[in-house]
Every structure is written in C-alpha cells, then in structure tokens.
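Beneath this line is the structure, given in structure tokens, with notes to follow.
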Amino acid sequence: MTAWLLAALQTLLFLFMAPLLAGWVKRVKCHMQNRSAPSLFQPYRDMAKLFRKHTVLAEHASWVFRTTPYIVFGATILTAAVVPLVAVQLPTTAIADVIVLVGFLALARFFTALAGMDIGTAFGGMGASREMMIGALAEPVMLMTVFTMAMTASTTNLSEAVLFTLNSGLVLRPSFVFAILGLMMVAVAETGRVPVDNPATHLELTMIHEAMILEYSGRHLALIEWAAQIKLMIYAVLIANIFLPWGIAAEFTTEALGVGAVAITVKLMGLAIVLVVWETVMAKMRLFRAPQFLGFAFLLSLLGMLTHVILETGG
Amino acid sequence: MELAQLSLFNQAVLVLAALALLTSFLMLAQGRKLPLIYTYGWQGVLLAVTTALVAYVTGHTHLYISAALTLALKALLIPWLLHRLAVRLNVQRENEPIAYPSLLLLAGAALVVFSYYVSLPIVQFAASATRNIIAVSMSIVLLGMLLMITRRRAMAQVIGFMSMENGLFFAGVVSTYGMPMIVELGIAFDVLVAAILFGVFFFQMRASIDSLDVDRLNRLREVDE
Amino acid sequence: MSPLILAYLSLFCALASGITALNAERYPWLLRYGSSIWLGLCGLLAVGAGGWSLIDEISLIDQVRLGLPWLHWHLKLDPLSGFFFIVVGLLVLAVSLYAPGYLQEYVHSKIRSLASLGLFTGLFVFGMLLVLLADDAFVFMVAWELMSVSSYFLVVYQHQHSANRRAAFLYLLMAHMGGLAILLGFGVLASFGGSFTFDAMRAANLSLAWASIAFALTFFGFGMKAGMVPLHAWLPEAHPVAPSHISALMSGVMLKIAIYGLIRFTYDLLGDIQWQWGLAVLIIGAASTLLGVLYALMQHDLKRLLAYHSVENIGIILMGLGLSMIFINAGRPALGVLGLIAALYHTLNHALFKGLLFLGAGAVLHASHENDLNNMGGLIRRLPQTAIFFLIGCLAISGLPPLNGFVSEWLTFQAALQAPSLASGVLRTIIPITAALLALSAALAAACFVKVYGVAFLGVARSHKVAHAHEVDIGMRAGMGLLAVLCVIFGIFPAAVINLIDAIPQMLLGVKPVSATAQGWLWLTPISPRVASYSAPLVVIGIVLFALISYVLMRAHPVKFRRGYPWDCGFGALNSRMQYTATAFSMPIRRIFAPVWDITEQIEELHNPTQPQRTEIIRHQLHVQDKSWSRLYEPIGMLVIAAARRVSRIQTGSIHTYLAYSFFTLLLLLWVVT
C-alpha cells in the first residue's frame, strides 16, 4: 500500500516540478544569451493565468478538438507515472514497460495532430503533417535505443533496467555511449527543440508543435503546454536514470528517498545546461534536413546495438 | 566474456574502438573536405589513445612509442599535410554532394554485420580479452574501402585509403599487441611517403584534366569516342 | 451436439444464404434481409463452434461421402481451425448486420443482378469455412478454389467499368497462380506420404531439400493470397472495386485463411521447421510491413489505402511467424510460442479493425458517394456515430494503447527482444533491425491514419456531396459498433484472450504460454514479470480515473467559452480549399522516401498575359506508382507475351501443317509402342 502511495506522490512530484524545469531551462538560456531572465516560477504564473481565461473555440472545431487536451495530458501523466523519478521498484512501473511508454507518447501525438487538422486551416494541417513525419522517423531510433538497453539488461521494465545498471557498478559500455547520444537526439526531436523545431517562435515557416496547437486558448492551452513540459522532463529523467542512475533510491527509507530526490534534481539541472548549450550553439535546420538529423541518430543507435552484439556479448 | 567482468581499462578500449568505428561512419557521410580531414585526424587520435591504453594494460612499453608515432603521424602530420594541400588546391570550401547518404550508412551497417560474421571463427579461438575488436577493425578497413568506391573526389579517396590502413593498424594493436617495431616504422614511413606522393599527384591531375574528379580520368583512355 | 455439428450448421447457413438470394430479382428484400439473416446465423454458429473447440480443446474428425467414390472428404475441427472459425464468424456477423442497409443502394439502382451478389457471398463464406475444416488436400483445394472463384464474381460485380474488369482479371490470375503453387506443395507432401490426407502428410518423411521445396511452394502460394510483397499487386486493385462489405470480408477474413493455410502447412504438416525458412518469412514480412505502409501513405482513394494497409498488417503477422520459426528451430519452444501467439493475436485484431475500417469506408461511400479523400471533410458532423467507430478503428490500426492493435504489436516486439538468447550472432543483429523497421512502419501507419481521419472526418467539407451526407442507418452502425466494441475489449483484456488461444500452441508445439498469464488476468507477462509486463486494465482504469478527476475539477471552476474565427493571417475568408489535402499531408514523407515509388510530378504555371509576373493558374499533376509494377509485373507480363508469341508460331492456320502434325505424332507413337 505504501508503495502505491509513494508512486502517486512521485507522479504528483513529476507533474508539479515539470514547469520548474522549464523555468530553469529558460533562465539558463537567457543567462547564456546575455539577456535578463524571468523568474524561475514564471511558467506557474503563466499556467495559472491561462486556467482563468475564457476559451475561444474555432468555428468548425468538433469534440475531437475539445477532448484532445485532456487525452494528451492524461497520456502524459500515465507516462510520468511509469518512469522512475526518485525511487525504483514502484508498482506503477510494472503496469507499462518502456515500449508502452513510447505508445503513450504516440497516442498523445496522434490526438494533437488530429486536433490540428480539426480546425480546417492550413496551419493545423501543416503542423500535423510535419509532426507525424518527425514522429515516424524518431520512433525507430527510440526503439533501437530501447532495444540496446533491453538487450543489455534483459528487460524492458524501466525499474529493473535501472536496478541492473545500478548493481553493475561502473561499467563503460560502448553501446550505452551510443544509446545515450541517440536518445538525446530523439529527445530533441520529440520535444520540439532546436534544431528540429524552435519552441520560442510562432512563425509558420518554422513551427511544428506550435502550428498544431495554434488555435488552443484558455485552459486547453494550459493543459497542452503543461503536457509539453512534462514530456521534456520525462525524456530528461529517462536519459538521467537509465544511463546515469547513481543516487536513485532502491529502498523506501527516508534517507534513500532524500538522496534520490537530490540526485535527480542535480542530474536534471545538469541536463538542462547541456540542452541550453546545444540549443545556443546549433541553428534550426530547415524541415527537410530533419530526416538527416534523425538518420544520424538512427545510425548512432544502430551502432549501439551492433557494438552490443559484437563487443559486449563475447561472440 | 561478459563486459562487466572485464577491467575498466579493457572496457575503455572497447569504447574507444566503438568511437573509431563511429568516425569511419562519419567520414562516409561527410561531403565537405575540411571536416573529412579533421575526422580522419580524430580517428588517429583515438587510435593513439587506444594504443597507449593497451600499452598500459599489457605492459608492452614499445607500444608507447607506437602510440606516439601514431599521434605524430596520423593525428597531426598527415592531416596538416592534407589541409595544406586542400588550401593550395583551393578546394577547402568544396562540398561533394552525396547521392543517398542514408543508403550509404545502411550499407556501412551491413558491412559491419558482415565483418562480424566473417570474424566469428577467428573470435572463437583468440585468447585475449579484446578479441571482439577484430570485427570492429575489419569493419573500419571495409568502410575505408567503401569510402574509396563511393567518392568522386581524389581527396576523399586518399582519406579512404588512409583509414583502411588505420583499421589494419588497429587490428594489429589489439590482437597481437603491436607488430615488430621495424614493421611499424616501415609502414608509418610508407604512409608518409604516400601522403607526399598524393600531394604531387593531385597537382599533376589538376594540371592535365583541370579537375580533381577521378571520373574524368577516363579521358585518358586509348579508345576514341 | 458437438462443435463439429455447429460447424456443419454454419456451413449450411452460409449455403442457405446464397440460395435464398437466388430469387432476389423479384423480391429484393430476400437479398437484403433474407440472406443477411442466414449470414448472421452462420456467423453466430461459427463463433460458437470455434469457441467451443478452442476453449475445451476439442479436436473432432469426420468423413463425408462427397467427392469422388474412392476418396471421401476428410473434415477436422481442431483448436487452430476453431480460432479461425471465430475470426470468420465475428466478421460475418458484423457484415450481416451491415449488409441490409448497404445493399439498399444496389437494390434501388437495379442495374446489376442481385441474385449473383447474394449467391456468391454465400458461396464465398461457405468456401472459407470449408477450407478451415479440410483434413485432406482434396477438400482443401476444392474449397480454396470455391473461395477464389466466388470472390472473383464479387469483385467483378460492377463490371461496367473496364478498370474493374482488369482488376478482377488480375485477381483471378494471381489467385490461380497461388493455388497452383499450393497444389504443387501438397503434391510434394502427398507423394512422400502416400495419400492426400493430412494424416498421411504428417507422417511423411521428407528430406531437407524436399521439405524446403514444399515450404517454398506453399509460402509462395499462400503468400500470394495473403498479399505479401512483391506478390501483393492484386490487393490494391481488387479490394477497392468490390462492394464495401465484401472488401471487409476479403481483407479481414480471406487473407487470414491464407495465414491459416501457412500455419497449418508449416507447423502441422511439415513439423520440422528450419531457421532459414523463419528468416525468409521474417525478412519478407518486414519488407511487406514497410513497403505496404509506404504505398498506403501515397493513396488518396480511401479503399485502396486500406487495401495497402492490409499488406502492412500481413507483414506484421509474417514477422511474428518468422520469429516463432527461428526460435523453435533454435530449441526455445517457449519463445516460439510467444511469436506464434503474437501472430495469431494480430490476425484476430487485424480482422476486427480492418473490417471496421472497410465498413466505415463503405458507410462514407454510401452516405456521400465519394471515394476520394481529397473531396471529403467535416464528416464528423454529418456522420457522428460512424465517426466515433472509425476513430476507434484508426486508433486500433495505428497500434496505440490501450486498444487491441497495440497488444499484438507489443507481443511481437517482446518476441523480437528475445533475440539475444539465440546462438547465431548474425540473427542477433538482423532481428533488432527488423524490429526497428516494424517500429518505423507502426509510426508511419499512425501518420497515415491521422491523414485519413483528419482529411475525411475533420475540418470542413471539400465538396458538395460530402457537405450534405446523412448518417447511415442503424444496421450499418450496429455492424461497425460491434467490431469497435470488440476492438476495445480485446485491447483491455489481453490475458483473457491469450488464455483462450493457448490451446493452439499446445496442439502444434506441445508447449503452453504459461508465463504470459501467470500473474492473473490483470497482467500480461510474456516471459516473466521481471522481463516485461503490461496491464491494460490498469491503464484503462488510470485513464478513466484521470478523466473523472479532470471532469470534477473542470466542473468546479467552469469557464465560459465562445466560438470565433480561426486564425487566417489577416487574409479574410477561409474556404475549404485552403485546408491540407491528403496528398499535401503525405508530401514530406514522399520526399524523404522518394526512391520507393515511381513518381511523376508535373507543375504547370499559367501566367496572366498582360502581367507576366503574376501566376493566374497552377496545375499540379502527381502520379505515384507502385514500383513492383514496373520492376516485376510488367517485365514478367512482357516475357510471357513474348514466349506466347514464339509458341504461337506452331499455329500456322494451314490445314496441311495440322495434318502433318497428326501424321508425325502417329509415326512417333507407333515407333514408341514397338
């Protein structure tokens, strides 16, 4: 029973810390680009404002448009419940393994794309078409990375995989080196960061995610933005905890949980800095170079799998 | 032998081998001249570090000299020579468009699987801890050859040839802990001479057919069109 | 009362449905209601027979004195046939609910023969069910031919258009080529076994070479019927042309009969499976999956698109079978069972959601007389319930949790992930690569169905007919609703489904998938709970819980909403032509995967004569062709015609030459006899 309670608490922590991560990323980016940064809690204020506002629905919007924010948010929460944040061995990680996680994110993407097409304008169609293309190219990369991890740990259960890496001690695996690079590139593509999509722009030539959610307002927009922030945190936590899991709590004692919380905070802050440096250094690519980017990511994850079979399993 | 049971240094050697394979793939897909040369330089650096690590693990001190030689020659001197050549021929900003880079990379992956399949019988009988790297070094050789086949510019073909030699050297280091010093010095100076000769050859080629595109060498054939 | 009696009754009902329709010219209601009721009964009885045989693990054999005097018909109902009986029965039931409403259009048009429609539908279902019961090669081939020929008559039903006749001819040609290959495969086994009965074939002792030849022949034959690449060309031609409920039956059920044939032949009759066969099946399955979905993405005819998706899903089933064969040969029967279960589950799922999608396409066609996606739009407001059912079908085929398509794809991935337990290093590298191809295809399928649903149902109507479509009648909705509900149920209770079908691997391989449901009905754990677990009911509970919480929270703080115009960049009136079309939606993917098709694109800009810089009209022509036509079928066709021309030289038309032929043949025979 306590395990389920802890799982629920962890999910709530995930939910409410995601905007903080987004605020931290924005702050670091502003400092790096020599601008003055907004407060760390600005995303919370923005969301509160959106929740209070009236909703404007487009003329031809159907029930698909109205229910999509809830479906997207729900799918993202389910994903967050499955990912180990502070502790492993929680019962929620047995409900869905990492392939189901990819499926949940695909469900959210499907409905967001449908909502984009529901309005009947060119923007929505454009965003939906581009998003599905990028999603289609990113999915084999993600799965190949998952396979590399699953073949090493012989499990797709996230909890067990993290425990495996924890218990093996400090082992330098070439497959993990490639897998973490591949997963980082997939995370950039799926969460709509530079160089695939620019999260700060609203120009139709450059937007993918923004184009799909252009017509959303009020609490619908708040839910979708929140879901996007949670998604970024999910990918960051996956990268941090699968490949660098040291510090995560393996039992449910208070010190272990405390250490786990501090560890994940430090890792997320570090990953955010890496992301900001990457975004500042790279320029956004034009749309038809995104397949090359993802093709390179696929090459990395393929090499990860190949080096696992060739170098790590002793012929 | 499971990875976790190897020592940290052996694992580091495996990681460096995998990274060297990655540089081979990067060269396959790279159309611009200067990044190609720099990637080749990085491959040389990785090779040198691997040699030094193997020297540390096994205690064969002559490998330290080998590592220094590799660093000096393959990571510094030859890339510098090629860079100078590119600037003098004024091709450093050239971008050779590659027809289907994804197809090329998939072919490279297929070559890696193939070299693994070919090296399996050898791998069974070797006794050292890093025997699986033979498959990786064979892949580097084959990928270098693929680079030579699929490129039109002479510069890229030279780098393909050099990276083939890198692969062979790598295989030598990890499977037999280096070759006799005389052999190594001989090969190293051969490669240096080859680099210089290639430089001369580039100028000659440019002078006679006014381009560095090797497809145009077919103008030199006997048969009339 | 035994399952076999129920099976016979269902056969009888199918036949009765055909015969009832014979008088439909005078009494159209006989076709609409009469044969549909018989079909519905047939479906129910088939589900009953199959379910009974599967759950109680009964195998019954019988000999019927039909056929040749010295060669009785051997019939057998065992769990494998029972499973496919359920698949056929469910879809026939849904189609029988759907048919009365759909056939109303044909009755009113009075151009074509209604009797033939009803008769051949009945014969088609009869043929399919008889194939499942066959226990010797003779019955199998007779029933197979009956199935092929009656479906030919259904495909060519609207024969006024020459395109339909060509498509039907191609279908007939390829069905018979496949049938010939299957016959030859059976022939190999029969010659070694001594007789045509399946029991004799099971006992036959084949050398490895002959077994491989038999396998190759039947894989070619059944694969051609199932629609694997590159033998799939008839699928996208024949399925769109047939009436929609027949397309649903063909795509949902007939392709599965081919899979049944393959499983029966390889696992039951041949028995000793080689890993090379499994590798061939796996690679062809992966190629079919990827190429099927890529071809589907370029279609804007709704039914042709769905037909190409059948190619993709058959590829997924073949991948499961291939993995299963590889693991069985490697001495890991538990993993082989996993692959087989994944393939069978996907067979069931595909029948359900593909049937649902074809029935939905038929409903759209019925309501708006429109087949082209680029002319549809906004149907969610005109056909609200059809839209919900179609959405469930789209979600299921895209493999999204918590519906059924996801479960079978998840099981296939889990089977592929067990590759590290194989000894061969090359297999260990190839299998993850095929799994990555499967992931790519699943994501591309989701993209395709966002396109289909978004362009057809969402947005604004792009043509007049579609803007005035009416919701279809209750029967058609009931048929679709039944399939939609089953899609949801089979997605939420996968452990129960696996418990139901575990008799099949027990019968074929002697191993049960115990671990899959070892943790109870709530958890699906294919190998062990530590390796992978999925709890669909808990996922659904999570979704429902979340929906409830958000509903309560939203109700507590209600916020006003108003309707407004969508953002139009300040240009003013938006019309329906400014939306994305289906062709536009798939353009990025067309550019990325361009080498896969034969694309001819022509853009013509017509300028204003007085102002040369202004473009008045732009004409865009896009033709995307399946590459297998130009690379495989046309060369073979031309080869055959060239050879036929050479051979036709012996027909000179002169009497003297023909007399000379008979004369020389007579001389030859006289010489041989002496």
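Points to keep in mind about this one:
- Against the test of being modelled with pLDDT of 95 or more and either assigned to a helix (DSSP H, G or I) or in the same structural domain as C:M376 (by TED's automatic domain parsing) (or both), the options C:F413, C:F449 yield a single qualifying residue, C:F449.
- Here the range C:419-432 is the region considered, the condition is being more than 7 Å from every other protein chain (Cβ to nearest Cβ) and surrounded by 23 or more Cβ atoms within 10 Å (Cβ to Cβ), and the residue that is nearest to C:S368 (Cα to Cα) is C:I431.
- The listed residue being crowded, with 17+ Cβ neighbours inside 10 Å and of a type outside the set (A, V, I, L, M, F, W, C), out of B:P79, B:P35: B:P79
- Checked against the criterion of being closer than 30 Å to C:G331 by Cβ and not acidic (D, E), the candidates C:P494, C:P401 yield just one match: C:P494.
Here's the yes/no breakdown for (1) out of contact with any Lys or Arg (no Cβ under 8 Å at 6 or more places or on another chain); (2) buried (at least 24 other Cβ atoms within 10 Å of the Cβ); (3) at pLDDT below 90; (4) among the small types (G, A, S):
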residue	(1), (2), (3), (4)
A:I71	yes, no, no, no
A:A75	yes, yes, no, yes
A:L90	yes, yes, yes, no
A:R109	yes, yes, no, no
A:T112	yes, yes, no, no
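- Scanning the range A:144-203 for residues that are charged (D, E, K, R), in a loop (DSSP other than H, G, I, E, B) and under 22 Å from A:A228 (Cβ atoms) yields A:R193, A:D197.
- Out of A:T121, A:T152, A:T93, sole residue that is touching a strand residue (DSSP E or B) at 6+ places or on another chain (Cβ under 9 Å) and over 24 Å from A:V194 (Cα atoms): A:T121
- Residue match in the range C:602-615 (condition: surrounded by 10 or more Cβ atoms within 10 Å (Cβ to Cβ), under 39 Å from the mean Cα position of the chain (by Cα) and at negative phi): no
- Inclusion of C:H232 among residues that are outside the structural domain of C:L348 (by TED's automatic domain parsing) and more than 30 Å from C:R631 (Cα to Cα) is not warranted.
Conditions tested, residue by residue: (1) surrounded by fewer than 21 Cβ atoms within 10 Å (Cβ to Cβ); (2) hydrophobic (A, V, I, L, M, F, W, C).
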| position | (1), (2) |
| --- | --- |
| A:I208 | no, yes |
| A:A211 | no, yes |
| A:A222 | no, yes |
| A:E251 | yes, no |
| A:E279 | no, no |
| A:K284 | yes, no |
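- Within the range B:139-152, if we keep just the residues that are over 11 Å from the mean Cα position of the chain (by Cα) and in contact (Cβ under 8 Å) with a residue 24 or more places away in the chain, the residue that is nearest to B:D213 (Cα to Cα) turns out to be B:R152.
- Test: residue in the range B:70-89 that is over 24 Å from B:F189 (Cα atoms), within 11 Å of chain A (Cβ to nearest Cβ) and either in a helix (DSSP H, G or I) or within 19 Å of the chain's Cα centre (by Cα) (or both): no
- Taking every residue in the range A:30-53 that is closer than 30 Å to A:A283 by Cβ and pairing it with any residue that is assigned to a loop (DSSP other than H, G, I, E, B), at least 6 positions away or on another chain, the pairs with Cβ-Cβ distances below 8 Å are A:C30/A:S36; A:C30/A:A37; A:C30/A:P38; A:H31/A:A37.
- Count of the range B:1-37 residues, restricted to those that are among the hydroxyl-bearing types (S, T, Y), over 20 Å from B:L69 (Cβ atoms) and either in a helix (DSSP H, G or I) or facing chain A (nearest Cβ under 9 Å) (or both), is 1.
- Qualifying residue in the range B:111-131 (condition: modelled with pLDDT of 90 or more and more than 9 Å from every other protein chain (Cβ to nearest Cβ)): yes
- For C:F571, the conditions (1) closer than 30 Å to C:L632 by Cα; (2) more than 9 Å from every other protein chain (Cβ to nearest Cβ); (3) among the aromatic types (F, W, Y) all hold with the exception of (1).
- Among all positions in the range C:654-672, there is at least one residue which is over 30 Å from C:L305 (Cα atoms), out of contact with any helix residue (DSSP H, G or I) (no Cβ under 6 Å at 6 or more places or on another chain), of a type in the set (G, A, S) and in a helix (DSSP H, G or I).
- Pair list, Cβ < 6 Å and 6+ apart or interchain, from the range A:171-188 residues that are free of Cβ contacts under 8 Å to residues at least 12 places away in the same chain to residues that are in a helix (DSSP H, G or I): A:V171/B:A4; A:L172/B:Q11; A:L172/B:A12; A:L172/B:V15
- Residues that are buried (at least 24 other Cβ atoms within 10 Å of the Cβ) and within 18 Å of B:Y100 (Cβ to Cβ), drawn from the range A:286-315: A:L294, A:A297, A:F298, A:L299, A:L302
- Qualifying residue in the range A:162-180 (condition: more than 14 Å from chain B (Cβ to nearest Cβ), among the small types (G, A, S) and buried (at least 19 other Cβ atoms within 10 Å of the Cβ)): no
- One residue stands out among those in the range C:69-122 that are free of Cβ contacts under 8 Å to residues at least 24 places away in the same chain and not in a helix (DSSP H, G or I): the one that is farthest from C:I501 (Cα to Cα), which is C:K110.
- Among residues of the range A:51-89 being part of a loop (DSSP other than H, G, I, E, B) and within 24 Å of A:L6 (Cα to Cα), the one that is farthest from the other protein chains (Cβ to nearest Cβ) is A:V86.
- Residues that are within 14 Å of chain C (Cβ to nearest Cβ) and in a loop (DSSP other than H, G, I, E, B), drawn from the range A:28-50: none
- Pairs with Cβ under 6 Å, 6+ apart, first in the range C:530-543 and within 7 Å of chain A (Cβ to nearest Cβ) and buried (at least 19 other Cβ atoms within 10 Å of the Cβ), second of a type in the set (A, V, I, L, M, F, W, C) and outside any loop (DSSP other than H, G, I, E, B): C:S533/A:A94; C:Y534/A:V100; C:Y534/C:L524; C:G542/A:L78
- Residue in the range C:361-370 that is surrounded by fewer than 24 Cβ atoms within 10 Å (Cβ to Cβ) and part of a loop (DSSP other than H, G, I, E, B) present: yes
- Residue under evaluation A:T92, criteria (1) over 17 Å from the mean Cα position of the chain (by Cα); (2) in a helix (DSSP H, G or I); (3) more than 30 Å from C:V460 (Cα to Cα); (4) more than 9 Å from chain C (Cβ to nearest Cβ), criterion not met: (4)
- When the residues of the range A:274-312 are filtered to those that are facing another protein chain (nearest Cβ under 8 Å) and over 26 Å from A:T148 (Cα atoms), the one that is nearest to the chain's Cα centre (by Cα) is A:L287.
The values are calculated or read from the model by the stated rules, or taken from the named source; none is laboratory data. Computed from a predicted structure; not experimentally measured. Every residue, glycine as well, gets a Cβ built from its backbone with ideal geometry; the counts of neighbours run over all protein chains shown.
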